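Trainee: Quick one: this structure, given as structure tokens, is what I'll be asking you about.
The values are calculated or read from the model by the stated rules, or taken from the named source; none is laboratory data. Keep in mind that this is a model prediction, so the values were computed, not measured. With ideal geometry, Cβ positions are generated from the backbone for all residues, glycine too; neighbour counts draw on all protein chains shown. SASA here: full protein model, heavy atoms, side chains in, ligands and nucleic acids out. Shrake-Rupley method; radii C 1.70, N 1.55, O 1.52, S 1.80 Å.
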Amino acid sequence: MARALVLRTNQVRLRSEMDKLAVEVSTGLVKDRAKHLGGDVTGLTAIDRTLSRLNAYRINTTEAALVTGTMQQSLGNIQDASTDLAQNILGAELTPSSGLLDTMSADAEATINTVLSSLNQTVAGRFVFSGTATDTPAVLDFEAMMTAVDAATTGLTTYADIATAMDGFFGPGGTFATAIYSGSDDPIAPFQIGEGETARVDIRATAQPLREVLKPIVMAAIARDTSLESDVRVDLLRHAGATIMAAQESFSTLRAGLGAAEARIEDGMAQNAAERTATSMAKLDLIEAEPYETAARYESVRAQLESIYAITARSQRLSLTEFIR
């Protein structure tokens, strides 16, 4: 009975040891890290904290890259669409037929749709041009925009009066900022992209370069009003084309600033990845199981376990024989 108990105890011990070694052989890592490190896990704990911090930076930089990339693409769409429109309407005075003026105004309306749609782009359900109100579209739709524009220009019949009204509409505290923009006046917090490194991305739909581009596009769309004199419609389109082109410099500056933030984020991603690789290798040095030694120990334990099984089986057969006698 005592012998059987000893055999059973050894079976359990060797089986546990073999399972542990099997894990170490398959993963290449020691299972009992504290024992492997002689009970001093301070260094390993510090490494794990560093990896946790770097993982947080990885998430932040990935999110920042998605946000800035979406912003850059949206701004590119706006710049391309506005430039194409400007080139189409600059020659309005050369052939000011009613049909051509209608077509140019319709192009301006389509461009407004493109601008508003671009300003309402999202990343993972978050509106990127809405400031901290990431759950709210940055701007209202085309119908709401043009309804407000019509209300601001009703009864105005000269280019100068319409231009003045639009200056107020798109100026600081104007209708665009207070009624069409539906985001927050507060910027999103800077992205933490590394130790002591942040990337600020504060571009809201009310940014001045955006308003400077959108205002002449809207003025070109106002030329759709056939109740206006033909020369007023031509002035609206001609001046709109020139103003759009003049606004491209500040718009390009806005995009360049965003591009600088993108570059910082990309650098942060590369630096964090390099540090994460180096730290992971340092951790591996601490907890790596020596493959040949571990495999040899595994085979030794397996052989011992097989011997115990054989002894147990033979012992049980002998006991049965004695009982029969």
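Trainee: At 7 Å along Cα-to-Cβ for each site, give me the label-to-label distance between D80 and Q248 in nm.
Mentor: With each label placed 7 Å out from Cα toward Cβ, I get 1.5 nm.
Trainee: Right, next: Taking every eigenvalue of the Cα gyration tensor of the range 111-161, multiplying by 5 and rooting it, what semi-axes result, largest first, whole Å?
Mentor: Three semi-axes, in Å: 29, 10, 9.
Trainee: What residues qualify as long-range amide H neighbours of V139, i.e. H under 5 Å apart, gap of 5 or more or another chain, H built at 1.01 Å from N?
Mentor: Here the answer is S182, since their amide H atoms fall under 5 Å of that of V139.
Trainee: Now, a different point. Amide H neighbours of A92 under 5 Å, at least 5 residues apart or on other chains, H built in the peptide plane: list them.
Mentor: Correct list: empty.
Trainee: Report ³J(HN,Hα) in whole Hz for each residue of the range 44-61, in order, from the Karplus equation J = 6.51 cos²θ - 1.76 cosθ + 1.60 where θ = phi - 60°; Gly and Pro get x.
Mentor: 5, 4, 5, 5, 5, 5, 5, 5, 5, 5, 5, 5, 5, 5, 4, 5, 4, 5
Trainee: Working only with C-alpha atoms, what are the Rg and Dmax values of the range 128-237, expressed in angstrom?
Mentor: 17.2, 62
Trainee: When only alpha-carbon atoms count, how far does the range 193-259 stretch along each of its three principal axes, as whole angstroms with the largest first?
Mentor: 62, 18, 11
Trainee: Also: Hey, rough spin-label estimate for Q208 and R49, points 7 angstrom out along Cα→Cβ, what's it come to in nanometres?
Mentor: 4.6
Trainee: Carbon and sulfur atoms: what percent of the 1.4 Å accessible area of the range 160-295 do they account for?
Mentor: Carbon and sulfur atoms account for 51 percent of the accessible area of the range 160-295.
Trainee: Can you list the residues, at least 5 places off or on another chain, whose amide H is less than 5 Å from the amide H of V123, using H built in the peptide plane?
Mentor: V128
Trainee: Using θ = phi - 60° and the Karplus relation 6.51 cos²θ - 1.76 cosθ + 1.60, list the HN-Hα couplings for the range 67-81 in order, rounded to whole Hz, with x at every Gly or Pro.
Mentor: With the stated coefficients, the range 67-81 comes to 5, 5, x, 5, 4, 4, 5, 5, 5, x, 4, 5, 5, 5, 5 Hz.
Trainee: A follow-up question, please. With charges only on Cβ, +1 for K and R and -1 for D and E, what is the dipole size of the range 125-209 about its Cα centre, in debye, rounded to 20?
Mentor: Roughly 40 debye for the range 125-209.
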